[in-house]
1. Placing unit charges on C-beta atoms (Lys and Arg positive, Asp and Glu negative, everything else neutral), compute the dipole magnitude of region 93-201 about its Cα centre in debye, rounded to 20.
2. Tell me, in nm to one decimal, what length is gained between H91 and V69 on full extension, where the rule is 0.36 nm per residue of separation less the Cα-Cα distance?
3. When only DSSP loop residues count, what trypsin sites (Lys or Arg not before Pro) in region 100-179 have their Cβ near at most 13 other Cβ atoms within 10 Å?
4. Which whole-Hz ³J(HN,Hα) couplings does region 147-156 yield from phi under the Karplus relation 6.51 cos²θ - 1.76 cosθ + 1.60, θ = phi - 60°, glycine and proline marked x?
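What follows draws every value from the coordinates through simple rules; no lab data is involved. Source: prediction; values computed, not measured. Glycine gets a Cβ as well: all are built from the backbone with ideal geometry, and neighbour counts include every protein chain shown.
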Amino acid sequence: MNQATLLPVYLPRCQPSTWLESALLGNLGHLLFHSWLCGGSKGCESAHSRSQSPPPSDLSVFRMQYFYVFRNTLISLCLVLGIAVLGLVAHWTDFTVTLDAGVLDFQIVGLITAVMTILSFPVLLLVPLIRKNAAISHVIVELPVLLVAWVLWMTTAILIIRWNSIIYPFGCDFTNVENVHWCTEFFAIERLSIAIWILRA
């Protein structure tokens with residue numbers, strides 16, 4: 001006769017002990033009985049954990065997907081604006097060097113910040129797609145990179161706002177016709193830098 005048929009029907013497999021089982025078998029017998037019944041303690045624990053762990057709710061999955069899409073959208077937008085800033089600052093730097101005015105501080109910081117953004121942000125976007133659970137996608141790695149970018153864009157915005165009051169204190173309305181496009185580029189650099197800084201805040 002199969003040993004499983006001798007078991008009482010009211011003793012379910014891999015369940016906590018009952019008072020009748022403890023009284024009949026004792027402590028040592030109870031442990032041996034459960035070890036034989038469940039195929040080892042790991043089998044009981046795994047079965048119990050599977051029965052206790054609830055499936056993830058649809059709301060939590062939706063929130064994670066929404067956060068992931070929102071994160072990728074912000075990073076992609078900052079990357080596109082950073083490329084635009086790099087082109088404008090490089091053009092403006094060529095203009096000041098041609099006039100023997102040298103390279104201003106906001107141009108140096110702007111070039112460094114734009115290049116860093118163009119090099120680092122694609123990595124933040126692509127590595128999590130190529131390698132799941134990659135270290136670069138972890139918060140402990142991603143957060144410092146975004147924090148450094150945020151500080152650099154804030155510095156760029158502050159420097160260019162300071163030069164705004166020196167070079168074009170009255171805007172582009174009182175600028176010579178020959179220099180209107182340079183004034184327009186200057187304010188475009190300023191507004192794009194502020195926009196990236198706000199998006200990364």
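1. The calculated dipole for region 93-201 is roughly 660 debye.
2. 4.6 nm
3. R131, K132
4. Whole-Hz 3J(HN,Hα) from phi for region 147-156: 5, 5, 4, 4, 5, 5, 5, 5, 5, 4.
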